[in-house]
Amino acid sequence: MHKIANSSNIKFQRKSQRKSAFDAKVFLDTSGAARKVIEFKKAAVVYSQGDAARSIMYLQSGRIKLSVVNEVGKEAVVAMLEPGDFFGEGCLAGQPVRIGTATAITPSAVLEIEKSEMFKVLHEQHAFSDRFLTFMLARNIRIEEDLIDQLFNSSEKRLARSLLLLARYGKEDQPQGVLPKVSQETLAEMVGTTRSRINFFMNKFRKLGFIKYNGSLQINRSLLTVVLHE
């Protein structure tokens, strides 16, 4: 009887350990003592360029635009974020202020994690640190690709690539083809050209059947030929 009791205790302890095991998804989907979920309406500012950088953000739902304004007031869109993306991570490297502005382009839910809490979880939970590292490596690769695109490709190619990325071309886990509403001004800021040029290329893409306007913007996979064309 004593052996059976010990066996039961071991099973109970194992179940308790499994229940208390860290779950990265649960952590990122819920509030806690050092993290909170904040709802933002469309066009609401999550944080502004120059704000103190004291926390890191995780996008639970919606879409976020990251932009930077230079000394003369010219704005550039540096990233369009989707659910599952981290942002504001510069604070982890000692960045004292935000170097850009984060704006919700659709109603969005953002998990704000205090810097000290983020460091604690990264050091103690390997599954979470692996997930964060994978995200950061993918972000760096994307930044390098964006830089190469900006340096060597025409504005027409840059627009085609931006539209394909927004439509999540190549991401098999997500529906493809339909974009959230994005203004031509925003596209111009992403591509680094004028709104009139964006309007010219968008009309050209529509006439060639690469895109469709039907209440929303639909991207055809054939738009990839613009990117691949020499």
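The values are calculated or read from the model by the stated rules, or taken from the named source; none is laboratory data. Computed from a predicted structure; not experimentally measured. Glycine also receives a Cβ, built like all others from the backbone with ideal geometry; neighbour counts cover every protein chain displayed. The accessibility values were calculated without ligands, DNA or RNA, using every heavy atom of the protein model including side chains. Shrake-Rupley method; radii C 1.70, N 1.55, O 1.52, S 1.80 Å.
Annotations
- Output for region 83-132, where each listed residue is within 22 Å of residue 33 (Cα to Cα), assigned to a loop (DSSP other than H, G, I, E, B) and without any contact (Cβ under 8 Å) to a residue 60 or more places away in the chain: 84, 85, 88
- Condition met for residue 129 (more than 26 Å from residue 217 (Cβ to Cβ), touching a Leu at 6+ places or on another chain (Cβ under 8 Å) and open to solvent by less than 40 Å² (accessible area, probe 1.4 Å)): yes
- Residues in region 61-74 that are among the aliphatic types (A, V, I, L, M) and within 17 Å of residue 44 (Cβ to Cβ): 64, 66.
- Matching residues, region 75-112, being open to solvent by less than 20 Å² (accessible area, probe 1.4 Å), touching a helix residue (DSSP H, G or I) at 6+ places or on another chain (Cβ under 8 Å) and under 14 Å from residue 46 (Cα atoms): 86, 98, 111
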